[in-house]
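> The structure under discussion is supplied below as structure tokens; questions concerning it will follow.
The values are calculated or read from the model by the stated rules, or taken from the named source; none is laboratory data. Every value quoted in this text rests on a predicted model; they were computed, and no experiment measured them. Every residue, glycine among them, receives a Cβ derived from its backbone with ideal geometry; neighbour counts consider all protein chains shown. These accessible areas exclude ligands, DNA and RNA; they are computed on the full protein's heavy atoms, side chains included. Shrake-Rupley method; radii C 1.70, N 1.55, O 1.52, S 1.80 Å.
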Amino acid sequence: MWAAPSRWGWLNLLTPKGLFAHDTYNKLFTMHGIIMVFFFLVPSIPATLGNFLVPPMVGARDLAFPRINLLSWYIYIVGGIFAITAIVRGGVDTGWTFYAPFSSTYSNTHVILAAIGVFVSGFSSILTGLNFIVTVHKMRAPGMTWSRLPLFVWAHYATSLIQVLGTPVIAITIVLLGMERVLHAGIFDPALGGDPILFQHLFWFYSHPAVYIMILPGMGVISEIVACFSRKSIFGYGFVAFSSVAIAVLGFLVWGHHLFVAGQSMYASMVFSFISFLVAVPSAIKVFNWTATMYRGSVSYDTPMLYAFGFIGLFTIGGLTGLFLATMAVDVHVTDTYFVIAHFHYVMVGGMVMAYLGGVHFWFPKITGRLYPEGWAKFAALVVFVGFNLTFFPQFVLGYLGMPRRYAAYADEFQILNVMSTAGASILGVGYLIPMIYLAWAWRYGPKSPQNPWGAKGLEWEQSPTPPPTFNFDVPPVMNEPAYNYSGEEKEVEIGR
Amino acid sequence: MTHQVVPVRAYVAVFLALIILTITTVVVSRIELGEYNFIVAITIAVIKAVLVILFFMHVKQSSSMTKLFVGAGFFWMAILLVFILSDYFSRGWLPGATWWRS
């Protein structure tokens, strides 16, 4: 539903002159960005699969602070109400990045309402992260050592570190923006004595690591799926686990690559460029280790695994084109073009949404106790993959040819590629609609699922009954084997029990 | 988990220190020290924050893990400041003509 503004946006770009008034188009892409980044991608996996699965995966009855967990839900709703109010009352036209001084001085739209929505929802994110960190440290079952934690939990732990350390900075930045807009304090607007590049520094200090808030949980999902459907323990478990933390830490040191053409010092840009290349290393470690896990594994092609294949391929394209953008000279050519749009949609949609759908299908039997129709699910996964590539691959070409982002109209020669993109978006929309229908159906009418339909490893699959009761386990479980023990290593003998 | 009992006089001492430092901030602000006014004010503010964190927020008696997380918070703030300042300080380094001033 929230992706809808983007659909309207693509519809607009069907013709070179555009179908909507230009300021309407500005508001559409702004709301698309704000809703999708702050209200979908950031909370999607942690707030749904994470909240449900982290406790049973570590062998706990619940998260460390259940009431804080509920509070984070209420806060999210309040933030969402502010954002929706901004839409209903006429929208915002600043882009999801709220760049000053346009947002703080010149825009006549509902910047403050939308900014309050983002500010408030940030606290929801912080509380979720706090809860996961304390749960992982304090609530692990006997035998669940750090080296046996599921990689889904490692990924959520790394995500939580970013949420707790980074989100306060975007909150402060929004407060400063509000002070300038309402009180005319000179912080970002040069006319008031401020510096607009300071806004970009503060904004991207959070918003670049936020990319990793969005993708790391997805990587955790893929690790679980690849191990299960290859019937092998993860190749290089330690490397995959620590690469999550490495991404979380390095991710905080690269934000300046968003400022290469903004007037940032060339020397600072060189440092940010170099570190941006470094962050590709832990990402590549994951991709290589997933591939090595599949090598000579007993690979099966169930729906979650199809999404995992999609993730690995599309994330790799998204990640590698990120290196193009981290190269200062190339970035000058493609900055603020559709190349950038294609790049981050390959990571966010081709990566994160694929992982989300894979995870939803993988754990659907555990969460609902029902099975979904496998044939429809495989068909939908295929439609999503085709629709996605048809939507976004032409945008790499468009961007490289020079079509700028955030314009309601474009030159005639770009029309064929834009029509392909709009057609792909329609197919993608159908691809998302099909799972919505059959999953809703299966939740009520699907055949009953056995406790562990995939034969997967992990405490969440050993837990019974399915779906789990409120407090997961009656008796605290004991972890007495390595993580992903698909090779069937001997379980430890429990002494004294 | 056991909690160490902090004597009341320790809280009183910290409270008095905070009051004295606040008064010092106000007094110093009325003396013309040029750019040092700012440095003094920030230094006092940092000392006050450290006192509050260590004593009122009980970090002094907390586990090493809690101290690590508190330290990480400040370290991350340092990352933010150092990298932003690295941009501001190095903007004028480029020798000769530049694209915006040729």
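> Identify, by number, the condition in (1) touching a helix residue (DSSP H, G or I) at 6+ places or on another chain (Cβ under 7 Å); (2) away from every other protein chain (no Cβ under 14 Å); (3) in a helix (DSSP H, G or I) that A:SER233 doesn't meet.
Among (1) touching a helix residue (DSSP H, G or I) at 6+ places or on another chain (Cβ under 7 Å); (2) away from every other protein chain (no Cβ under 14 Å); (3) in a helix (DSSP H, G or I), the lone unmet condition for A:SER233 is (3).
> On to the next question. What number of residues in segment A:259-290 are of a type outside the set (Ser, Thr, Tyr), farther than 30 Å from A:ALA227 by Cα and more than 12 Å from every other protein chain (Cβ to nearest Cβ)? Explain how you work it out, then say what you get.
Pass one, segment A:259-290, residues of a type outside the set (Ser, Thr, Tyr): A:259-264, A:266, A:268, A:270-272, A:274-275, A:277-282, A:284-290.
With farther than 30 Å from A:ALA227 by Cα added as a condition, the list becomes A:259-264, A:266, A:268, A:270-272, A:274-275.
Filter once more, keeping what is more than 12 Å from every other protein chain (Cβ to nearest Cβ): A:274.
The qualifying residues number 1.
> Kindly list the number of the only condition in (1) at pLDDT 95 or above; (2) within 24 Å of the chain's Cα centre (by Cα) that fails for A:LEU401.
The one condition A:LEU401 does not meet is (2).
> Among helices (runs of 4 or more DSSP H) lying entirely in segment A:251-343, which contain 3 or more residues that are surrounded by 19 or more Cβ atoms within 10 Å (Cβ to Cβ)?
Values: elements: A:266-278, A:280-294, A:303-326, A:328-334.
It comes to A:266-278, A:280-294, A:303-326.
> What about A:GLY446, is it in contact with a Leu (Cβ under 7 Å, 6 or more places away or on another chain), modelled with pLDDT of 95 or more and of a type in the set (Gly, Ala, Ser)?
Numbers: in contact with a Leu (Cβ under 7 Å, 6 or more places away or on another chain): yes; modelled with pLDDT of 95 or more: yes; of a type in the set (Gly, Ala, Ser): yes.
In short, yes.
> Let me ask something additional. Does at least one position in segment A:404-412 carry a residue that is open to solvent by less than 30 Å² (accessible area, probe 1.4 Å) and modelled with pLDDT of 95 or more? Even if it seems obvious, please write down each step before you answer.
From segment A:404-412, those open to solvent by less than 30 Å² (accessible area, probe 1.4 Å) are A:408, A:410; that's our starting set.
Narrowing further to those that are modelled with pLDDT of 95 or more: none.
Within segment A:404-412 (the criterion being open to solvent by less than 30 Å² (accessible area, probe 1.4 Å) and modelled with pLDDT of 95 or more), the answer is no, since none of the residues qualifies.
> Restricting to segment A:363-386, what's the tally of residues that are open to solvent by 60 Å² or more (accessible area, probe 1.4 Å) and under 17 Å from A:GLY313 (Cβ atoms)?
Going residue by residue through segment A:363-386, those that are open to solvent by 60 Å² or more (accessible area, probe 1.4 Å) are A:376, A:378-379, A:382, A:385-386.
Now narrow it down to the ones that are under 17 Å from A:GLY313 (Cβ atoms): A:378, A:382, A:385-386.
Going through segment A:363-386 one residue at a time, the tally reaches 4.
> Residues that are surrounded by fewer than 20 Cβ atoms within 10 Å (Cβ to Cβ), under 22 Å from the mean Cα position of the chain (by Cα) and either modelled with pLDDT under 90 or part of a helix (DSSP H, G or I) (or both): does segment A:52-63 have at least one?
Checked against the condition, which is being surrounded by fewer than 20 Cβ atoms within 10 Å (Cβ to Cβ), under 22 Å from the mean Cα position of the chain (by Cα) and either modelled with pLDDT under 90 or part of a helix (DSSP H, G or I) (or both), segment A:52-63 yields at least one hit.
> Wholly within segment B:8-102, which helices (runs of 4 or more DSSP H) include no fewer than the required count, namely at least 3 residues that are within 14 Å of chain A (Cβ to nearest Cβ)?
Details: elements: B:8-29, B:36-51, B:64-90.
Hits in segment B:8-102: B:64-90.
> For A:ASN472, are the conditions met, namely being under 28 Å from the mean Cα position of the chain (by Cα), over 27 Å from A:GLY318 (Cβ atoms) and open to solvent by less than 20 Å² (accessible area, probe 1.4 Å)? Before the answer, list the steps.
Working: under 28 Å from the mean Cα position of the chain (by Cα): yes; over 27 Å from A:GLY318 (Cβ atoms): yes; open to solvent by less than 20 Å² (accessible area, probe 1.4 Å): yes.
Yes: the conditions hold for A:ASN472.
> Is there a residue being open to solvent by 50 Å² or more (accessible area, probe 1.4 Å) and more than 19 Å from the chain's Cα centre (by Cα) anywhere in segment A:222-231?
Restricting attention to segment A:222-231, the residues satisfying the condition of being open to solvent by 50 Å² or more (accessible area, probe 1.4 Å) are A:231.
Filter once more, so that each one left must be more than 19 Å from the chain's Cα centre (by Cα): A:231.
Within segment A:222-231, one or more residues are open to solvent by 50 Å² or more (accessible area, probe 1.4 Å) and more than 19 Å from the chain's Cα centre (by Cα).
> Kindly indicate whether any position in segment A:191-207 is more than 14 Å from chain B (Cβ to nearest Cβ) and in a helix (DSSP H, G or I).
Looking for residues that are more than 14 Å from chain B (Cβ to nearest Cβ) and in a helix (DSSP H, G or I), one finds at least one in segment A:191-207, hence yes.
> Of all residues in segment A:434-453, how many are assigned to a loop (DSSP other than H, G, I, E, B) and open to solvent by 30 Å² or more (accessible area, probe 1.4 Å)?
Filtering segment A:434-453 for residues assigned to a loop (DSSP other than H, G, I, E, B) gives A:446-447, A:449-453.
Filter once more, keeping what is open to solvent by 30 Å² or more (accessible area, probe 1.4 Å): A:447, A:450-453.
Of the residues in segment A:434-453, 5 are assigned to a loop (DSSP other than H, G, I, E, B) and open to solvent by 30 Å² or more (accessible area, probe 1.4 Å).
> Could I ask something else about it? What is the one condition in (1) over 26 Å from the mean Cα position of the chain (by Cα); (2) closer than 16 Å to A:ALA248 by Cβ that A:GLY194 does not satisfy?
The single condition A:GLY194 does not satisfy is (2).
> While we're here: I'd like the full set of residues that are open to solvent by 40 Å² or more (accessible area, probe 1.4 Å), among the basic types (Lys, Arg) and away from every other protein chain (no Cβ under 13 Å), limited to segment A:128-185.
A:ARG140, A:ARG181 - these are the residues of segment A:128-185 that are open to solvent by 40 Å² or more (accessible area, probe 1.4 Å), among the basic types (Lys, Arg) and away from every other protein chain (no Cβ under 13 Å).
> Could I ask something else about it? Could you tell me which residue of segment A:390-401 is farthest from A:THR94 (Cα to Cα), considering only residues that are touching a residue at least 40 places away in the same chain (Cβ under 8 Å) and open to solvent by 40 Å² or more (accessible area, probe 1.4 Å)?
A:PHE393
> Check A:TYR267, A:TYR237 and return the single one that is of a type in the set (Phe, Trp, Tyr), more than 17 Å from the chain's Cα centre (by Cα) and modelled with pLDDT under 95.
On the way: A:TYR237 fails: modelled with pLDDT under 95.
The match here is A:TYR267.
> Can you name every residue in segment A:97-127 that is open to solvent by less than 40 Å² (accessible area, probe 1.4 Å) and not aliphatic (A, V, I, L, M)?
Residues satisfying the conditions are A:THR97, A:PHE98, A:PRO101, A:SER103, A:SER104, A:SER107, A:THR109, A:GLY117, A:SER121, A:GLY122, A:SER124, A:SER125.
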